[in-house]
Amino acid sequence: MTTPPTVLTIAGSDSGGGAGLQADLRTFFACGAHGMVAVTAVTVQNTIGVSGFVEIPPDVVADQIEAVAVDIGIQAAKTGMLASADIILAVASACDRVGIGKDGAIPFVVDPVAASMGGDQLLADNALDALRTELFARATLVTPNLDEVRLLTGIDVTDVPTQKRAAEALYAYGPQWVLVKGGHMKNVDDCMDLLYDGDQFYELPGPRFDTGDTHGSGDTLASAITSQLARGVPMPEAVAFGKRFIVRSVRDSYSLGKGHGPVSPFWRLSTDEV
Ligand SMILES: Nc1ncnc2c1ncn2[C@@H]1O[C@H](COP(=O)(O)OP(=O)(O)O)[C@@H](O)[C@H]1O
Ligand SMILES: Cc1ncc(COP(=O)(O)O)c(N)n1
């Protein structure tokens with residue numbers, strides 16, 4: 001059998017299995033990629049919220065990245081929860097050593113996870129600067145939601161013009177592409193994500209499903225995009241694929257526990273064959 005593309009997530013564990021590295025891995029697999037993990041933190045989490053987490057020592061995070069790079073090889077990488085400035089610094093220098101990032105050969109998707117969908121903090125307050133200066137400058141693509149946009153730029157996105165202004169402000173931090181996700185714009189009927197390359201805006205419209213079961217939606221979108229970049233698909237097509245992928249995954253989300261259920265990439269695997 002042909003070896004599938006190899007993709008790495010640098011992310012935290014969600015004990016409830018809805019978001020974090022668990023969402024990333026199942027999306028990679030559903031997209032036909034071989035998923036690998038550099039764990040950054042272990043959260044104590046269920047569908048109701050995050051009650052705590054421990055951080056993995058920064059050098060162990062960096063060692064995980066290097067271990068898979070030297071043996072298996074990495075065709076694209078993404079970040080999720082990074083927890084602290086020290087972990088961000090360790091990730092940035094490991095990425096430089098193995099060639100991850102826009103100046104190396106390996107596409108790098110930075111999902112600037114700051115909090116869970118319930119509002120529990122997943123990134124230290126003093127880590128925002130490191131995220132902007134160390135990771136945005138290395139990113140092939142950054143994928144903030146509107147809360148992260150507000151934290152990173154101070155811009156309150158309420159409509160398409162402010163979404164465009166936010167994309168321009170984020171682009172100034174040095175990524176090659178910016179995707180400002182519109183899922184949190186609850187005052188509109190659709191979910192429009194906006195892609196920007198410093199020159200052109202690409203609007204990615206999509207339906208808004210009336211559900212609270214969207215746990216892991218950002219992770220799933222970024223992982224689907226990363227799996228395409230690993231195959232050498234150009235960014236606009238990779239993001240369009242990711243958008244189609246997340247629409248189907250939100251449509252098939254399921255309820256779980258007493259809080260927010262996860263989106264499901266399993267639609268892509270449905271077959272009667274054993
Ligand atoms: N209720 C929904 N219906 C359809 N798509 C959604 C819904 N909520 C979020 N999405 C899509 O899921 C992706 C992630 O959304 P968003 O909520 O903005 O980010 P995050 O999950 O990081 O908070 C985006 O493509 C967004 O448009
Ligand atoms: C370990 C981990 N990583 C990321 C998220 C964000 O996902 P969401 O916004 O759906 O809560 C999370 N809750 N936990």
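The values are calculated or read from the model by the stated rules, or taken from the named source; none is laboratory data. Source: prediction; values computed, not measured. Don't worry about glycine lacking a Cβ; one is built from the backbone with ideal geometry, like all the others, and counts go over all protein chains shown. Ligands, DNA and RNA are excluded from the accessible area calculation, which covers all protein heavy atoms including side chains. Shrake-Rupley method; radii C 1.70, N 1.55, O 1.52, S 1.80 Å.
Assorted remarks:
- Selection status of residue 27, of a type outside the set (Asp, Glu), buried (at least 23 other Cβ atoms within 10 Å of the Cβ) and either within 16 Å of ligand 1 (Cβ to nearest atom) or not in a loop (DSSP other than H, G, I, E, B) (or both): yes
- Output for region 106-130, where each listed residue is more than 16 Å from ligand 2 (Cβ to nearest atom), aliphatic (A, V, I, L, M) and part of a helix (DSSP H, G or I): 128, 130
Residue by residue, here is whether (1) over 23 Å from residue 108 (Cα atoms); (2) within 8 Å of ligand 1 (Cβ to nearest atom); (3) in contact with a helix residue (DSSP H, G or I) (Cβ under 9 Å, 6 or more places away or on another chain) holds:
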position	(1), (2), (3)
140	no, no, yes
155	yes, no, yes
164	no, no, no
183	no, yes, yes
190	yes, no, no
205	yes, no, yes
219	no, yes, yes
226	no, no, yes
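- Filter pass, residue 198 being more than 8 Å from ligand 1 (Cβ to nearest atom), in a loop (DSSP other than H, G, I, E, B), of a type outside the set (A, V, I, L, M, F, W, C) and more than 19 Å from the chain's Cα centre (by Cα): yes
- Selection from region 43-63 of residues that are surrounded by fewer than 17 Cβ atoms within 10 Å (Cβ to Cβ) and in a strand (DSSP E or B): 44, 51, 52, 54
- Those residues of region 23-53 which are in contact with a Pro (Cβ under 9 Å, 6 or more places away or on another chain), over 15 Å from residue 113 (Cα atoms) and within 13 Å of ligand 2 (Cβ to nearest atom), in sequence order: 27, 47
- Filtered residues of region 83-137 (kept if in contact with an Asp or Glu (Cβ under 7 Å, 6 or more places away or on another chain), open to solvent by 10 Å² or more (accessible area, probe 1.4 Å) and away from ligand 1 (no atom under 16 Å from the Cβ)): 84, 89, 90, 97, 98
Okay, residues lined up against (1) over 23 Å from residue 48 (Cα atoms); (2) away from ligand 2 (no atom under 16 Å from the Cβ); (3) surrounded by fewer than 14 Cβ atoms within 10 Å (Cβ to Cβ); (4) β-branched (Val, Ile, Thr):
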| residue | (1), (2), (3), (4) |
| --- | --- |
| 184 | no, no, no, no |
| 189 | yes, yes, yes, no |
| 195 | yes, yes, no, no |
| 204 | yes, yes, no, no |
| 221 | no, no, no, no |
| 227 | yes, yes, no, no |
| 234 | yes, yes, yes, no |
| 246 | no, no, no, yes |
| 274 | yes, yes, yes, yes |
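- Residue list for region 138-159, restricted to those being crowded, with 16+ Cβ neighbours inside 10 Å and more than 16 Å from ligand 2 (Cβ to nearest atom): 138, 139, 140, 141, 153, 155, 157
- Residue list for region 131-145, filter: in a helix (DSSP H, G or I) and under 17 Å from the mean Cα position of the chain (by Cα): 131, 132, 134, 135, 136, 137, 138
- Selection of region 59-86 for residues being polar (S, T, N, Q) and within 18 Å of the chain's Cα centre (by Cα) yields 75, 79, 84.
- Test: residue 173 is in a loop (DSSP other than H, G, I, E, B) and either open to solvent by less than 20 Å² (accessible area, probe 1.4 Å) or among the hydroxyl-bearing types (Ser, Thr, Tyr) (or both): yes
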